[in-house]
Amino acid sequence: QTEAFATTWTKWGGVPLPSSNSAIAPTQALTAEVIQAGTDAGGSVGQYVTNSTQGNWNFSVYLMSTTSPNTTIPIVIMAVNGNATTTVATSTITLTSDWVRYSVSMNDATTHTRKFVQINNGTTQIAAWGAQLEPSHVARV
């Protein structure tokens with residue numbers, strides 16, 4: 001469910017519910033989502049995934065800025081045990097007006113019950129498509 005931004009992702013910082021199939025994806029189909037700007041710098045969307053497997057994990061997603069190219073935002077992957085974060089990895093990316101696949105990896109050896117992925121778009125409107133979380137140190141197909 002990592003691709004269903006409108007239905008399975010949680011929103012923070014005043015980000016409205018993303019609109020399903022509201023942007024042209026890299027495949028040229030109307031299957032990407034527009035994620036509206038938040039009302040403050042904490043604007044973001046994220047998703048918890050129930051998974052306790054340790055090791056290398058990679059979160060990747062295709063993103064583009066729909067309004068402000070050259071905006072810098074972080075994408076995050078973390079391991080969570082209860083309410084405590086055990087491992088965090090962040091990649092600061094610079095959005096363009098074209099689709100680019102971005103990724104962030106972590107190598108986690110801690111005891112945890114869930115993983116969490118997050119796109120911190122702040123006050124920038126973006127489009128997102130093809131998010132995935134996989135057991136790897138790099139993004140795969």
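The values are calculated or read from the model by the stated rules, or taken from the named source; none is laboratory data. Small disclaimer: the values here were computed from a predicted structure and weren't measured. Here the Cβ positions follow ideal geometry from the backbone for every residue, glycine too, while neighbour counts run over all protein chains shown. Side chains are part of the model used for accessible areas, which takes the heavy atoms of the whole protein and leaves out ligands, DNA and RNA. Shrake-Rupley method; radii C 1.70, N 1.55, O 1.52, S 1.80 Å.
Gain in length, Thr110 to Asn83, computed as 0.36 nm per residue apart minus the alpha-carbon separation, to one decimal in nm?
On the way: separation 27, 0.36 × 27 = 9.72 nm, distance 1.41 nm.
Going from the current span to full extension adds 8.3 nm.
Determine the share of the range 1-115's accessible area contributed by carbon and sulfur atoms, expressed in whole percent, with a 1.4 angstrom probe. Intermediate results must be reported in sequence, preceding the final value.
Numbers: 2660 of 5490 Å².
Carbon and sulfur atoms account for 48 percent of the accessible area of the range 1-115.
When the chain is modelled as a GNM with alpha-carbon springs shorter than 10 Å, which of Gly55, Gly38, Gly82 fluctuates the most?
Gly82
Per q in 0.11, 0.23, 0.27 Å⁻¹, report the Debye log10 I(q)/I(0) for the range 1-64, using one uniform scatterer on each alpha carbon and no solvent.
For the range 1-64, the Cα-only Debye profile gives -0.30, -1.04, -1.21.
Could you report the chain's accessible area per residue, 1.4 Å probe, as an integer in Å²?
Numbers: 6500 Å² over 141 residues.
Roughly 46 Å² per residue, with all protein chains present.
Sum up the charges of everything whose Cβ sits under 13 Å from the Cβ of Gly130, counting Lys and Arg as +1 and Asp and Glu as -1, but leave Gly130 out. It would help to have the intermediate numbers written out before the result.
Numbers: positive: Arg101, Arg140; negative: Glu3, Glu33, Glu134.
Net of charged neighbours comes to -1.
If you rank Glu3, Glu134 by how much accessible surface each has, with a 1.4 Å probe, what is the order from largest down?
Values: Glu3 100, Glu134 20 Å².
The ranking, largest first, comes out as Glu3, Glu134.
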